[in-house]
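The values are calculated or read from the model by the stated rules, or taken from the named source; none is laboratory data. Bear in mind that the values here come from a model prediction, so they are computed numbers and not experimental data. Cβ atoms come from the backbone with ideal geometry, glycine included; neighbour counts cover every protein chain shown.
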Amino acid sequence: MQGKPARSALGRRAAATTLFLFGVLLAHAATQTDIAGPAGSERFGGRVIALPNGNIVVTDPRYDAPGPVANVGAVYLYDGASGALISTMTGTTADDEVGNGGGTVLSNGVAPPLSLKIFSITRLADGSAVLQGSGAFSGVHTVRASADLSPASFAPIGSVTADAGGFWQYPDAGAIGLTKRFYRVTFP
């Protein structure tokens, strides 16, 4: 095994290459699951969130993508029983730091990954727009738009469900004919 052991039984401070998850997180008194951090990890286990369904969310906000692209960040969803990786969400540009900022376990078991983000807005030939971003794994997000940046002017224009990796894409036909449009995404 590489790296230093975790500093606490809850795995909050993990080695750069291995995260130790002990019985408290897995709801088994004598069970330990070791999860190796992927290449490029710098703060694997920066935050560990046990979901009500037994799965585990692990953040690495300083993860470097191949290239290297520094500090794009990553959030991993693991099967709590087997330790198998279910899905991964990473940032796309340097210093996105996906996974930085905590998270909350909701009653339905969905944990926001901690950084709702719009990665791109593309204007199509017909004048509509397509937004792409990240949010809560499999969560339903509200898309809001406004003609200016005053907080009170943002109104819901629709909703979008993120995939199991936390990514979503939203087409906005309401942008046709507008010279500017500002967006926000909220969850829940």
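Just one of the numbered conditions (1) at pLDDT 80 or above; (2) at positive phi is not true of A27; which one?
Among (1) at pLDDT 80 or above; (2) at positive phi, A27 violates only (1).
Under the condition of being farther than 24 Å from A74 by Cβ and buried (at least 17 other Cβ atoms within 10 Å of the Cβ), which residue from region 167-180 is farthest from the chain's Cα centre (by Cα)? Outline the logic, then answer.
Here is the first cut: in region 167-180, the residues farther than 24 Å from A74 by Cβ are 171-180.
The next check asks that each one be buried (at least 17 other Cβ atoms within 10 Å of the Cβ); those that pass are 172, 175.
On the way: D172: 23, A175: 27 Å.
Among those that are farther than 24 Å from A74 by Cβ and buried (at least 17 other Cβ atoms within 10 Å of the Cβ), it is A175.
What number of residues in region 111-128 are exposed (fewer than 12 other Cβ atoms within 10 Å of the Cβ), of a type outside the set (A, V, I, L, M) and more than 24 Å from G91 (Cβ to Cβ)?
Count: 2.
Within region 155-166, which residues are surrounded by 17 or more Cβ atoms within 10 Å (Cβ to Cβ) and more than 18 Å from S128 (Cα to Cα)?
A162, G165, G166
Take the residues in region 129-151 that are touching a Ser or Thr at 6+ places or on another chain (Cβ under 9 Å) and surrounded by fewer than 19 Cβ atoms within 10 Å (Cβ to Cβ), then tell me which one is modelled with the lowest pLDDT.
It comes out as S138.
Pairs needed: first member in region 36-50, on the phi > 0 side of the Ramachandran plot; second member anywhere, of a type in the set (G, A, S); C-beta distance under 7 Å; at least 6 residues apart or different chains.
Note: pairs meeting the criteria are G40/A65; G45/G11; G45/A14.
Residues of region 49-87 being within 19 Å of S120 (Cα to Cα) and either at pLDDT below 85 or part of a strand (DSSP E or B) (or both), which ones?
Correct list: A65, V69, G73, A74.
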